[in-house]
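Q: Before I ask anything, let me first share the structure, which is written out below as structure tokens.
Computed from the coordinates by the stated procedures, all read-outs in this text should not be read as laboratory data. Computed from a prediction, not measured in an experiment: that's the story for all the values here. With ideal geometry, Cβ positions are generated from the backbone for all residues, glycine too; neighbour counts draw on all protein chains shown.
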Amino acid sequence: MSVRTTTPAATAPHGSPSERLLKLTSRGVVHLILLAFGVAWIVPSLGLLATSFRSRADIAASGWWTTMNHLGALTINNYRTVLRSGDLPPPGFAENFINSFIITIPSTLLPIAIAALAAYAFVWMKFPFRNVLYLLVIALLIVPLQTTWVPVLKIFNSLQLTGTWLGIWLAHTAYGTPFAIFLLRNFFAELPGDIFESARVDGASDFAIFLRIVLPLSLPALASLAIFQFVWVWNDLMNALIYLQDAKKYPLTIGIQNLLGQYGNEWHLLAAGAFITMSVPLIIFFALQRYFVRGVTAGAVKG
């Protein structure tokens, strides 16, 4: 008489049918939700892009979804009109576009550089009150931005920084550095300590370790931080209004307001201006997207 035996591995090598169905359903639901979010974002963006190439008469005659039926009527004159300085109050939308780069690039690089050095010190260097200082940095994250405008503006006025590029760079650097330190500190804490010990045995200084080891290994986190900071500064309106107070130095966010004032009912021109404003952050995001998820999630569970 033989005894027939079965093992879990033989009967269900990949789990029971119900478990497999549950996993498949879970993945399918997640994919559907992500697809819904993607469609909800891309459809208005495509509508804005299509509208920016249509004439006023075409917009009045039909919806943007009929653009493919009238490809011959598309025109780039909307962008020419918007970017031509003579059509707008000074400094003009083209100058606003340049000003946005002048404001955003230093305001992105400065906090990243400062935060990277500070995060390395908080993780891999020992000095008095290290944890207390880090907690103070984290506490700055909960300070409402609006509460700082009046005192900072008074300081800027006393130092004659109001209306200068340096003033707006310092403001954005101060506002962006606490979050940057928080993000990079969590990422640096996950780097293997054996590498640093080996480098110190070979006589490398902390600054050499930072440049040759930490920065190359931290490229995903730095890219993620660059996206966050660049998009935040690029889309900023209130800080530019408060700290610049000079129409010749205003960025695109204020230039859009000028468009609304001059072309309030010209939807084709407003669409062109809006798409110019959003195009640069989109280019930055898609150029660095492969680092984005890795950089954001790498330090999410440690810190």
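Q: Quick check: the distance between the Cα centres of segment 195-233 and segment 160-190, to the nearest angstrom?
A: 17 Å
Q: Next question, about the same structure. Of the listed peptides 53-65, 233-245, what is their order by residue-averaged count of other C-beta atoms within 10 Å, with the highest listed first? Let's see the in-between values first.
A: Values: 53-65: 15.1, 233-245: 19.0.
My ranking of the peptides, most packed first, is 233-245, 53-65.
Q: Something else: Obtain the nm distance between the two label points defined at Ala94 and Val30 by a simple spin-label model: each point lies 7 Å from its Cα along the Cα-to-C-beta direction.
A: Going from the Ala94 label point to the Val30 one covers 4.9 nm.
Q: If neighbour count is taken as other Cβ atoms inside 10 Å, put Phe285, Phe97, Phe210 in order from fewest to most.
A: Phe285, Phe97, Phe210
Q: Something else now. Once both labels are modelled 7 Å past Cα along the beta-carbon direction, what's the Leu282-Trp149 spacing in nm?
A: The modelled label-to-label distance comes out at 3.0 nm.
Q: Trypsin sites (Lys or Arg not before Pro), restricted to segment 99-192: which are DSSP loop and have at most 10 other Cβ atoms within 10 Å? Mind showing how you got there, number by number?
A: Values: sites: Lys126, Arg130, Lys154, Arg185; in loops: Lys126.
Answer by residue number: Lys126.
Q: With a cut-off of 8 Å between alpha carbons and a minimum separation of six or more residues, what is the relative contact order of segment 90-298 in percent?
A: 36 percent.
Q: Also: Compute the length gained on full extension between Leu141 and Leu215: take 0.36 nm times their separation in residues and subtract their Cα-Cα distance, giving the result in nm to one decimal.
A: 24.2 nm
Q: Count the net charge of all other residues whose Cβ sits under 10 Å from the Cβ of Ala240, scoring Lys and Arg as +1 and Asp and Glu as -1.
A: -1
Q: If r is the Cβ-Cβ distance from Asp202 to Arg290 and R0 is 51 Å, what FRET efficiency results, to the nearest 0.05?
A: Step by step, r from the Cβ atoms, then E = 0.95.
Q: How would you rank Phe207, Phe228, Phe93, going from fewest to most other Cβ atoms within 10 Å of each one's own Cβ?
A: Taking fewest neighbouring Cβ atoms as first place, the list is Phe207, Phe228, Phe93.
Q: Continuing with this model, one more query. List Phe122, Phe129 from most exposed to least, where exposure is judged by having the fewest other Cβ atoms within 10 Å.
A: Fewest to most other Cβ atoms nearby, the residues stand as Phe129, Phe122.
Q: So what's the convex hull volume per residue for the Cα atoms of segment 90-298, in Å³?
A: Here the figure is 142 Å³ per residue.
Q: Taking Cα centroids, how far is segment 91-137 from segment 252-274 in Å?
A: 32 Å
Q: Here's a follow-up. Arg130 to Leu241: FRET efficiency via 1/(1 + (r/R0)^6), r the Cβ-Cβ distance, R0 51 Å, to the nearest 0.05?
A: 0.85
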